[in-house]
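Report on the structure given below.
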Amino acid sequence: MLAVEFWLHAMRDERARLLMAEQYERARTVSGELIASIYGKAGQQPPFAPHDLAIVIEALSVGLAFQAALDPEHVRMSLQAEVLTRLLGLPTPGMAARPTEPAAS
């Protein structure tokens, strides 16, 4: 919850916002490089630019963390990995990505 408090502070304080944004951009850069490497090792092209995928993954992570903290009975943290793997066709170590199957109704 401290992260949420600092996030709110950063939204009101320009210096804190810039510092926090810089930190997030460094993390997204590292994540984007890792994503590019994973797809490269699988011999595949990512469906979006690796940096953009890093942004989406980060946003999904934050949103799910907030929801799981609020309602852990109904929101499991494993949902993030399940959704990302399926929607983005992310390759897993040692395996090529499988075609996406339609969701069950």
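The values are calculated or read from the model by the stated rules, or taken from the named source; none is laboratory data. Note that the coordinates shown come from a computational prediction; the quantities given were computed from them, not determined experimentally. As a convention, Cβ positions derive from the backbone with ideal geometry for all residues, glycine included, and neighbour counts pool all protein chains shown. Side chains are part of the model used for accessible areas, which takes the heavy atoms of the whole protein and leaves out ligands, DNA and RNA. Shrake-Rupley method; radii C 1.70, N 1.55, O 1.52, S 1.80 Å.
Structural remarks
- Per the listing 104, 81, the residue uniquely modelled with pLDDT under 85, small (Gly, Ala, Ser) and open to solvent by 90 Å² or more (accessible area, probe 1.4 Å) is 104.
- Matching residues in region 14-48 - criterion: being touching a helix residue (DSSP H, G or I) at 6+ places or on another chain (Cβ under 9 Å) and of a type in the set (D, E, K, R): 17, 28, 33
- Checking each residue in region 67-83 for being of a type in the set (Gly, Ala, Ser) and either free of Cβ contacts under 8 Å to residues at least 40 places away in the same chain or not in a helix (DSSP H, G or I) (or both) picks out 68, 78, 81.
- Meets criteria (surrounded by 15 or more Cβ atoms within 10 Å (Cβ to Cβ) and either in contact with a Lys or Arg (Cβ under 7 Å, 6 or more places away or on another chain) or not hydroxyl-bearing (Ser, Thr, Tyr) (or both)) for residue 72: no
- When region 24-66 is filtered for residues that are small (Gly, Ala, Ser), in a loop (DSSP other than H, G, I, E, B) and open to solvent by 40 Å² or more (accessible area, probe 1.4 Å), the ones remaining, listed by number, are 43, 49.
- Flag if residue 54 is aliphatic (A, V, I, L, M) and without any contact (Cβ under 8 Å) to a residue 12 or more places away in the chain: no
- Looking across region 14-23, just one residue is surrounded by 13 or more Cβ atoms within 10 Å (Cβ to Cβ) and either charged (D, E, K, R) or farther than 28 Å from residue 70 by Cβ (or both), and that is 17.
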